[in-house]
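Okay, so here's the structure we're looking at.
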């Protein structure tokens, strides 16, 4: 574990994007309070939110179940500057103040430029968002400055090169996405290591989908635990996989009920590294997921690098994304399609002109034109 930021206790954080909700659509503050109590009592203190979480209700809930009930120095709170909530530099400070007011605090321990990618990074630069955040840090309203990131490794490398003042990076990271061609979690993590930036992990259980595993994958973990008195949950394997990397400072979990908090604390309070047997089991689970791929693309990139698609469509990445969508059906795949794979001159799948040059160079002899139609049907 990376030990920077000693004020942050342990390496497990309370992500407040999926708080427990009542039938009327309001946050269940009573259950949130019990979760926060248990979290803090067990020696953890890191809470993460953003203005858009639960349509603004996450920040307001934090004020009620955390800020009003505990001394400010007893917890670490992270918030974020998100693209839709500002249009110019002049909008940023007023928006920041509304966030402080909503959370009921006078400063944020960490403030992140939210969901950075190649497209919105240009807007953040144009509006001097990074510079404004650094000014707020000098004024004591932000203790630490960082980014959360959703794009390719090369984009993160550029951002960290342009802004070496960034102290920490939050990335999507789990054992399935680690080698995924569309998300590039492993490569993104390596860029953080290259720039010596500690990492916060989001989506360690891929939005909960690594909890409910395919039967063949579940059998792997069941076999591993035969004869053991204490059983580790599927979430336990996923969260510990992420936490095991040396540059990880924090692994977030978006818990929506008290039992999830209790389970996570059970294996993160006294953290132990993955055993050789557990690592082998996780690799086998990954093989199960890979075997379910509907498109047997190997991501050789011949179709785009040797052929230079006239519409500049990121074909292998789109196939990886479609495979991931079929397996997990989470919002992440739609986000990456609209905000990463089809920006900066890269064509949408539906833009394919059916020239067929990609199929001529494909070693797997895939019917790429037909498959791109399937991608378009899924995401457009």
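The values are calculated or read from the model by the stated rules, or taken from the named source; none is laboratory data. Just so it is clear, the structure is predicted and the values come from calculations on it, not from any experiment. Cβ coordinates were reconstructed from backbone atoms using ideal geometry, including for glycine residues, and neighbour counts include every protein chain displayed.
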- Task: Among the candidates 13, 43, single out the residue that is in contact (Cβ under 8 Å) with a residue 24 or more places away in the chain and under 17 Å from residue 103 (Cβ atoms).
- Result: 13
- residue 73 meets each of (1) out of contact with any helix residue (DSSP H, G or I) (no Cβ under 7 Å at 6 or more places or on another chain); (2) surrounded by fewer than 20 Cβ atoms within 10 Å (Cβ to Cβ); (3) at pLDDT below 95 with one exception, condition (3)
- Query: Conditions: (1) more than 20 Å from residue 187 (Cα to Cα); (2) outside the structural domain of residue 178 (by TED's automatic domain parsing). Residue 278 meets all but one. Number of the miss?
  - Reply: (2)
- Name, by its number, the condition in (1) at pLDDT below 95; (2) surrounded by 14 or more Cβ atoms within 10 Å (Cβ to Cβ) that does not hold for residue 25. (2)
- Message: I'd like to check something: does region 366-374 contain any residue that is in a loop (DSSP other than H, G, I, E, B), at pLDDT 90 or above and surrounded by fewer than 18 Cβ atoms within 10 Å (Cβ to Cβ)?
- Response: yes
- Message: So residue 151 passes all but one of these: (1) more than 22 Å from residue 84 (Cβ to Cβ); (2) surrounded by 20 or more Cβ atoms within 10 Å (Cβ to Cβ); (3) modelled with pLDDT under 95. Which condition number does it fail?
- Response: (1)
- Note on the structure: Across region 292-342, the tally of residues that are in contact with a strand residue (DSSP E or B) (Cβ under 9 Å, 6 or more places away or on another chain) and crowded, with 17+ Cβ neighbours inside 10 Å stands at 2
- Query: Inside region 53-66, can you point out the residues that are surrounded by fewer than 22 Cβ atoms within 10 Å (Cβ to Cβ) and under 25 Å from the mean Cα position of the chain (by Cα)?
  - Reply: 54, 55, 56, 57, 60, 63
- Residue match in region 191-199 (condition: in contact with a helix residue (DSSP H, G or I) (Cβ under 9 Å, 6 or more places away or on another chain), buried (at least 18 other Cβ atoms within 10 Å of the Cβ) and modelled with pLDDT under 95): no
- Item | Count of region 200-229 residues which are loosely packed, with under 14 Cβ neighbours inside 10 Å and closer than 28 Å to residue 53 by Cβ | 1
- Query: Among (1) out of contact with any strand residue (DSSP E or B) (no Cβ under 8 Å at 6 or more places or on another chain); (2) outside any helix (DSSP H, G or I), where does residue 200 come up short?
  - Reply: (1)
- Query: Which one is farthest from residue 86 (Cα to Cα), of the residues in region 106-145 that are part of a helix (DSSP H, G or I) and modelled with pLDDT under 95?
  - Reply: 118
- Message: Would you confirm, using the coordinates I've provided, whether residue 157 is assigned to a helix (DSSP H, G or I) and either surrounded by fewer than 16 Cβ atoms within 10 Å (Cβ to Cβ) or not assigned by TED's automatic domain parsing to the domain that holds residue 115 (or both)?
- Response: no
- Task: Considering every residue within region 133-147, establish whether at least one is in contact with a helix residue (DSSP H, G or I) (Cβ under 8 Å, 6 or more places away or on another chain), closer than 19 Å to residue 185 by Cα and in the same structural domain as residue 90 (by TED's automatic domain parsing).
- Result: yes
- Note on the structure: Here the qualifying pairs (Cβ atoms under 6 Å; residues six or more apart or on different chains; first in region 176-189 and on the phi > 0 side of the Ramachandran plot and assigned by TED's automatic domain parsing to the domain that holds residue 211; second surrounded by fewer than 23 Cβ atoms within 10 Å (Cβ to Cβ) and assigned to a helix (DSSP H, G or I)) come out as 184/153
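With respect to residue 309, determine if the residue is part of a loop (DSSP other than H, G, I, E, B) and not assigned by TED's automatic domain parsing to the domain that holds residue 114.
yes
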- Subset of region 344-361 (residues that are in contact with a helix residue (DSSP H, G or I) (Cβ under 6 Å, 6 or more places away or on another chain) and surrounded by 14 or more Cβ atoms within 10 Å (Cβ to Cβ)): 349, 350, 352, 358, 359, 361
